[in-house]
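Scroll down for the structure; my scribbles are underneath it.
The values are calculated or read from the model by the stated rules, or taken from the named source; none is laboratory data. As the structure is a prediction and not an experimental result, all values here were calculated from the model. All Cβ positions, glycine included, derive from the backbone under ideal geometry; neighbour counts span all protein chains shown. Surface accessibility is based on the protein's heavy atoms, side chains included, excluding ligands, DNA and RNA. Shrake-Rupley method; radii C 1.70, N 1.55, O 1.52, S 1.80 Å.
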Amino acid sequence: MAFEVQTRDPRLQSDNPDPTRMKQGSLVSFIPVSASLAMSPNTWIVEMPEQKTRSHPYPRRVSPYRTASLNRDAFTRDSTASAGPVPLRNHDYPVFEDIRTILSVLKASGLMPIYEQVSNYEVGPPTKTNEFYSFFVRGAVHALTIFNVYSLFTPISAQLFYSYRETDNVNQWIELLLCILTYTLTVFVCARNTKSMLRIMNEILQLDEEIRRQFGANLNQDFGFSVKFLVGIAACQTYIIVLKIYAVQGVITPTSYILLAFYAIQNGLTATYIVFASALLRIVYIRFHFINELLTRYTYGQQNKRKGGGGRRAHGNNNINPNAAIMEHFPEDSLFIYRMHNKLLRIYKGINDCCNLILVSFLGYSFYTVTTNCYNLFVQITAKGMVSPNILQWCFAWLCLHFSLLALLSRSCGLTTKEANATSQILARVYAKCREYQNIIDKFLTKSIKQEVQFTAYGFFAIDNSTLFKIFSAVTTYLVILIQFKQLEDSKTDDSVPKQT
């Protein structure tokens, strides 16, 4: 839920107001906009009471990460930020330069538009040539999908999915159909949400531009995990296909090779998009964390202010408490923080809207794959004959791939949701310690109580740190059901043997 900030101070009517010109120590009151104005219901007008301008204004604040004991690889600080805006250098291109590898893979596969870089803080729509390329790739993908579905219902693919038990054979077919469905749905959703994804990227870039102009901070992070996951996905898919080829008896037909290759591509690109969604959530998490650190500075400032008061009485009135100056910046910083928080919530919801159908399909496919592979491991371990090393390696490769993706997605969603909800908690601490600015905080806390921040799978269930545990519980339940079907099938086979003799 976004709200606009307007002011009745004529010095702040421009699109990019200079925060150093705001009157320090002024009380900011939020007044609801009347229904006659064409604005959103969450729009507020900010009144700036008239006061005398200070003869010695405080310099522009710097990023709180300059002194906080945080991960300095995630936040870099420009030493000249306090002197004003710094010209952007080529190597300062933020955010998406860190995940350019995974973006290149998605753009080459047609899942992401090949956007044009308008400036360092803006991307534009793809050209006609790039748009035609994406359309052609998606068309080829759908043609191969139709061919593979047709091949599954013909005897051509029988050599790839043959098994000794009927239950196992059905499980393999369902797993393959879920893979095809997940990837096809991913392609459709990505094609439909092209404009939405570009809008999300531009909103993140504009937000970074505001932060750089306001605090001189580059909120970049080394997203090396995305490259590691790409390498791991490629290695797992290659290893799985090699194991499958060695397990097939006889000469493999060209149709089977096409089916196997496209099966690996489908799994790999679906997993890559999950890594990309996790990287976007990590980007949003860093920006939520930034504004929370800004607010945390004021909570500690009030504690130090009380401790410093005794020192002034002990040493005389000539000592000036610097924390009082810090709190004078709270009104204007609160406006920036509220605006930034609402933009981040809009971005957070936009990512959820673009990915929710893909997440539902992927989580269903991943759940079924984990269940069937755990079942195959149980069958191999409890078998009376020799254990097949090929099947064991196949199962372990699938389990490692899906468990790592589920853990990454759950952690990214959980961290971002927790950080988004932590803002109101930090503001509540400021509210309790500073009565002078309680009227500023009231409106934000009232709005935060009425809205629930969650990252969901199309509204069916929330995705957070507990999702992995819930999947484990469900896998255990369905694994027991599959084992019971296997025992029933074995008992029928044993009963029919004496009759034949």
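Things worth noting here:
- Condition met for residue 378 (under 30 Å from residue 172 (Cα atoms), part of a helix (DSSP H, G or I), in contact (Cβ under 8 Å) with a residue 40 or more places away in the chain and hydrophobic (A, V, I, L, M, F, W, C)): yes
- Residues of the range 165-222 classified as open to solvent by less than 30 Å² (accessible area, probe 1.4 Å) and of a type in the set (Lys, Arg), total: 1
- Selection count, the range 118-139, where residues are open to solvent by 50 Å² or more (accessible area, probe 1.4 Å), of a type in the set (S, T, N, Q) and either in a loop (DSSP other than H, G, I, E, B) or in contact with a strand residue (DSSP E or B) (Cβ under 6 Å, 6 or more places away or on another chain) (or both): 1
- Members of the range 338-368 found to be surrounded by 20 or more Cβ atoms within 10 Å (Cβ to Cβ) and of a type in the set (Val, Ile, Thr), listed by number: 347, 351, 358
- The residues on offer are 458, 437, and the sole one that is hydroxyl-bearing (Ser, Thr, Tyr), over 26 Å from residue 375 (Cα atoms), in contact (Cβ under 8 Å) with a residue 24 or more places away in the chain and not in a helix (DSSP H, G or I) is 458.
- Being open to solvent by 10 Å² or more (accessible area, probe 1.4 Å), closer than 24 Å to residue 282 by Cα, among the small types (Gly, Ala, Ser) and assigned to a helix (DSSP H, G or I) holds for only one residue in 473, 424, 491, 410, and it is 424.
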